[in-house]
Structures are given as structure tokens and as C-alpha cells.
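Below is one structure, written out as C-alpha cells, with a few remarks after it.
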Amino acid sequence: MVVATERRQSGLMHRKIIDLPELMEHFEIHNRTEGKSPRTVEWYNLVLGQLCHWLESRDTPTTLDHADEMMIRRFILFLQEKPGTKAKTMSTHTMYNRVNALRSFFGWLHRQGYTDEHVLQNLKQPKTADLVIEPLNREEIDQIMRTINPKTALGARNTALVTIMLDTGLRISEVAGLKDRDVHLEGQYVKAMGKGSKERVVSFGTACRKALFQYRQRYRGDPAHSKVETFFLSIDGYPLTADSLKSLIKRLSKSSGVDRLHPHPHPHLLRHTYATMFLLNGGDVFLLKQNLGHTTLTMVEHYLHIAAQTAAIRSQGFSPLDHLQVAGDRQFSHAFNGDTQGDKKIRIYPNTGRRRR
């Protein structure tokens, strides 16, 4: 019994002195073989790499035994106070995702037996700021479309790209990954591969069909080789990547003058615009969930909130008082307007018209 206990303790000590980079490599292999998306794996690698770099900058050994809860909390505090790209501090949503990556890694360490307990089991996710993302309005969409010449090969492709994102709400990565065989012009729908390798069908309207038809039939060149299957191609016939699509949107933002088309905190403004317009036009929330590829209604409820606020702003045109066209402004005057009679201030109350001197 004593020998067995000593062996277990020896094995645990051996596990604790393993370098974190080695464990992170095992974690990456695990995620890739479990079917995690490349972007998720890349994100985990980024955050865990930052952790190792931070430990090294503090001359702290990068072994598992030094990565306790308090050390990770210090690292999170460092990230929270680190200046962001376009802000004084990192956004709350970015911090949420970073903490999620750390919790996933240490949860995996516990499940694999590297730690006796989940080191971060008492670490709660940071609160996120619930900001309202205003969708693009009609004038802004017109500005963007006017900067594109649909009668050129490049312009026809870009018109089709912007149109399909506004009319389907597909993620940038999903648009870039669309196969030519998955774009059904006659049926007016696409088959998109979303997160978790889940395929879904999303329909589009007549205007979008026209733009996609124009691109495919008149301006889409031949693929560079037989293995290129994507619908959207670069000028030389290679697949259009998600990164190149982001760069394209950034250029359109600059050329159109719609600066918020590609701001740092909200790279999916076209997707947000689709979701909001879909609801404002009477779309069903459950169908929107399906179209967006969400597994729960949580995000759809967020879009419901945005749509409600957008509708409230539009309701200014239904102002009862404006429609009554009440004559005269005097009854709505207040003391701060500086009305005087002689050397005394006059307060005019809107409901009674009584004056106090």
C-alpha cells in the first residue's frame, strides 16, 4: 500500500513538472482530432501562447506546477489592462473568449489526469458589455453598393459577395467556403457549412439571385485547377479566403465612407444587419436561428433587442405631438430660457400657464 501510494505521488509530481508548451501541443492534437474548427484551434493556440510568453517575461518557469489559479488570475488581469488595438483596454467580449480558452485548457488537463482537480473551477467568466450594434441603414447600403462597378469581373464578384452576406447572414468564413455546387440559383438557396461542421440551408431573394447569376454566368473565371471548388474566386482563379474577404470589406468601408462597416469590435456588421432586417420585416425567430446557424435562441434574443430599438427609432415618424402640430412654443418654455419681466425671472409652467414671480 505504501509503495503504491509513493508511486502515485511520484507520477503526480512527474506530471506537474511537464512544460506547458508540450501540454499545449497535446491539447491542440486532441482538439483537431475531436473535430474542433481550425479557427477555434488557432484561437486556443494564440491565448495559450500568450500565457507562456507572459510567464517567460516574468522569469517564471513554464511548468504545470507554476500555473495555479492565482497565477492565471494575474495573467487575466494583465490582459485586461493591456491596451487593445483601437481602444484603451481589451473589449469585454475578447476577454470572455480568452478566459473561455484558458478554462477549456485546464479542464482538459484535469480530465486527462494531469491535475487532481480543475485548477480554474472557481474562476468565473468576466461580464461582457451588452452594447447595441446599430445595423446598416438604407443610405449606408446604397453608399457601399455605389462604390462597386458590377459590370467588371471584380465588381460583379464583390457585388455578389456583399449581396449574399446582406441577404443570408452567412459568416465571412462560410461565404469564403461556399462550394460552387452548393449555390442553387434556381431554387434560390445555398448550403453552408457552419461551426462544428454542421451544414444548413439558407434561402436568398430575387435581388441576390440576380447578383449571383451575373457573377457566375458572365464574370466568374475558370478555377486555377481541378481541386478548386469554391464559388467565389480570386482574379487568378484561386479560392477567396476569409482573410482576403475581410480585407475586401475593409477597402469597401474606406472607399464608401461607411467607416463602421469594418470597425474592430464588430467585424460581422453585415450579418447583424441581415438579422435585424429579417426580424423587422416580420421574419420568425426560430427560422432566423436556423438561418444564422445558432444552436440556441440566446443570440437571436439579442437581435430581437436590436430590432426593437431600431423600430423604436423609426417610430419617431409616428410622434403624436408632431401630428397634432400644436401651435406656439410659449407654453413649453421653461425658466432656463431666460424669460424676464423687468428685473424678475418668469417661470411658465406648461400644464397650467401660471406664472410665478
- Task: Pull up all non-local amide H partners of ALA224: gap of 5 or more, or a different chain, and H-to-H distance under 5 Å with H placed in the peptide plane.
- Result: TYR238
- Difference of contour (0.36 nm per residue) and Cα-Cα distance, GLU25 to GLN80: 17.2 nm
- Task: Over all alpha-carbon pairs in region 190-252, figure out the percentage whose distance exceeds 18 Å.
- Result: 53
- Message: On a 1.4 Å probe surface of the protein chains, which of GLU140, GLU42, GLU22 comes out largest in accessible area, and what is the full order?
- Response: GLU42, GLU22, GLU140
- Contact order normalised by residue count of region 113-270, Cα under 8 Å, 6+ apart, percent: 25
- Message: Please compare each pair in LYS191/LYS254; LYS198/LYS250; LYS82/LYS246; LYS36/LYS195; LYS82/LYS195 to a cut-off of 20 Å on the Cα-Cα distance and tell me which ones are over it.
- Response: LYS191/LYS254; LYS198/LYS250; LYS82/LYS246; LYS82/LYS195
- Message: On a full-extension model of 0.36 nm per residue, what is the gain between ARG32 and ILE18, subtracting their alpha-carbon distance, rounded to one decimal in nm?
- Response: 2.9 nm
- Task: Round to a whole angstrom and tell me the spacing of the C-alpha centers of region 156-187 and region 102-121.
- Result: 40
- Taking amide H positions as placed 1.01 Å from N in the peptide plane, with prolines and chain starts having none, which residues 5 or more places from TYR189, or on another chain, fall under 5 Å of its amide H? HIS184, PHE204
- Determine the gain in length on full extension of the stretch LEU304-PHE286; use 0.36 nm per residue of separation and subtract their C-alpha separation, reporting nm with one decimal. 5.3 nm
- Item | Label point distance in nm, THR92-LEU297, each placed 7 Å from Cα along Cα→Cβ | 2.4
- Tell me, what HN-Hα J-couplings in whole Hz come from the Karplus equation 6.51 cos²θ - 1.76 cosθ + 1.60 at θ = phi - 60° for each residue of region 243-258, using x for Gly and Pro? 5, 5, 5, 4, 5, 4, 5, 5, 5, 5, 4, 5, 6, 8, x, 8
- Compute the semi-axes of the equivalent ellipsoid of region 87-229, taking the square root of 5 times each eigenvalue of the Cα gyration tensor, and list them largest first in whole Å. 40, 22, 13
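The values are calculated or read from the model by the stated rules, or taken from the named source; none is laboratory data. These figures come from a predicted structure and were not determined experimentally. Positions of Cβ are backbone-derived with ideal geometry, glycine not excepted, and every protein chain shown enters the neighbour counts. Each accessible area value is taken on the protein alone, full model and side chains, heavy atoms only, with ligands, DNA and RNA left out. Shrake-Rupley method; radii C 1.70, N 1.55, O 1.52, S 1.80 Å.
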